[in-house]
Amino acid sequence: MASIKDVAAEAGVSVATVSRVLNDHPSVSAEARARVLAAVERLGYRPNAVARSLRTDQTHTLGLVISDVMNPYFTELARSVEEEARALGYSVIIGNADERPDLQDHHVRNLLDRRIDGLLVSPTDGGSPLMLDAVRAGTPMVFVDRWIPGVDVPVVRADGRTAVRDLVAHLHGLGHRRLAIIAGPAATTTGRERVEAFREALGSYGLELPDVYIGQGDFQAESGRRVTEGFLDLPEPPEVVFAADNLMALGALDAVRARGLRIPDDIALAAFDDIRWFVHTDPPITAVAQPTGELGRAAVRALVDRIEGRPGESVTLPARLVVRRSCGANPTSVQRSTS
């Protein structure tokens with residue numbers, strides 16, 4: 001393996017000149033820079049990233065802590081983060097919190113120990129002292145999808161309120177009046193926000209959201225199955241189940257099928273977070289779609305801005321309703337609303 005001394009000898013310059021070229025120092029002439037870069041290419045030289053980080057106090061590495069790597073939404077988010085980071089010259093180390101605050105803090109601690117340049121987090125709860133300490137210590141950080149209220153950190157997220165209003169309007173237009181929700185954890189901002197948006201949208205049509213039509217889930221499929229079974233056991237079951245994330249929607253689908261019921265003939269189903277699988281279910285599932293790829297890319301850009309001394313800005317992007325057949329839509333509405 002070629003060394004920096006080999007590159008210097010090949011280019012006919014000093015080791016210090018090679019180092020300045022590799023660190024993009026402006027004092028090197030264009031002619032010397034060209035010779036060094038050509039030598040690097042010929043010899044296949046790769047700088048020692050660890051040694052460089054000790055000199056520059058930068059590792060060109062970002063940390064990403066996501067809530068659940070098994071959730072297709074977060075898988076797609078992680079992919080877009082990695083792609084954008086790579087385009088900007090950064091690598092990404094990913095930690096999976098599995099919706100557990102203790103695992104979240106474990107990954108945050110490990111990433112900080114690895115001297116990452118900045119941290120992207122989708123918090124599993126709103127009270128991690130470790131993250132608060134990291135922010136106070138000056139660690140560049142951006143919250144993505146979820147956030148911790150009151151913490152002065154840029155937030156990159158989707159606003160689903162308009163899409164949820166569109167969903168309720170769609171359901172109301174189809175004649176549905178008894179609407180229930182499988183909520184996410186109340187400790188998360190998205191868990192609370194989606195219930196509030198659903199309740200407000202129902203209220204605009206003079207409909208209430210009774211407590212028996214609010215089931216507490218945890219963004220996992222098993223909770224969606226359990227809550228839906230409870231809804232189906234009610235003396236007056238809901239006409240529609242709205243799952244506040246895609247995995248809980250799949251659990252709800254399992255519960256309905258286990259009872260021998262049909263969607264949408266016996267009960268309608270809708271979800272927050274559209275995923276590719278939903279077009280392959282029978283019937284395809286109506287969902288609120290977030291601009292996941294755009295969120296990941298925007299989060300990386302905001303974090304790199306903070307790392308490089310620029311003010312990283314919060315970004316809010318709109319979600320949209322994708323109508324399919326799981327709520328009883330006719331083919332005309334599906335054709336018009338599905339992209």
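The values are calculated or read from the model by the stated rules, or taken from the named source; none is laboratory data. Please read all numbers here as calculations on a predicted model, not as lab measurements. Please note: Cβ atoms are built from the backbone with ideal geometry, for glycine as well, and neighbour counts cover all protein chains shown. The area values use the complete protein model at the heavy-atom level, side chains included, leaving out ligands, DNA and RNA. Shrake-Rupley method; radii C 1.70, N 1.55, O 1.52, S 1.80 Å.
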### Query
In Å², what does the accessible area per residue of the chain work out to with a 1.4 Å probe?
46
### Message
Quick one: 3J(HN,Hα) in Hz for region 112-123, Karplus 6.51/-1.76/1.60 with θ = phi - 60°, rounded, Gly and Pro as x.
### Response
5, 5, 7, 6, 4, 7, x, 9, 9, 9, 10, x
### Summary
Comparing 87, 271, 302 in a Gaussian network model of the chain (Cα, 10 Å), the one with the largest mean-square fluctuation is 87
### Message
Could you work out what % of the accessible surface of the chain is carbon and sulfur, using a 1.4 angstrom probe and leaving DNA, RNA and ligands out of the count?
### Response
50
#### Entry: Of all DSSP beta bridges in region 218-339, antiparallel share, percent nearest 5
30
### Query
Restricting the count to DSSP beta bridges whose residues both fall in the chain, what percent are antiparallel, rounded to a multiple of 5?
10
### Summary
So, with points 7 Å from each Cα along the Cβ direction, the residue 83-residue 236 label distance in nm works out to 4.8
### Query
With each pseudo-label sitting 7 Å past Cα toward Cβ, what's the residue 6-residue 254 distance in nm, one decimal?
5.4
### Calculated FRET efficiency for the pair residue 282/residue 310, C-beta based, R₀ 35 Å, to 0.05
0.10
### Message
From the phi angles alone, apply the Karplus equation (6.51, -1.76, 1.60; θ = phi - 60°) to region 83-93 and give each ³J(HN,Hα) in whole Hz, x where the residue is Gly or Pro.
### Response
5, 5, 4, 4, 5, 9, x, 10, 9, 10, 10
#### Entry: Using a Förster distance of 35 Å, the FRET efficiency for residue 110-residue 75 (Cβ separation, nearest 0.05)
0.95
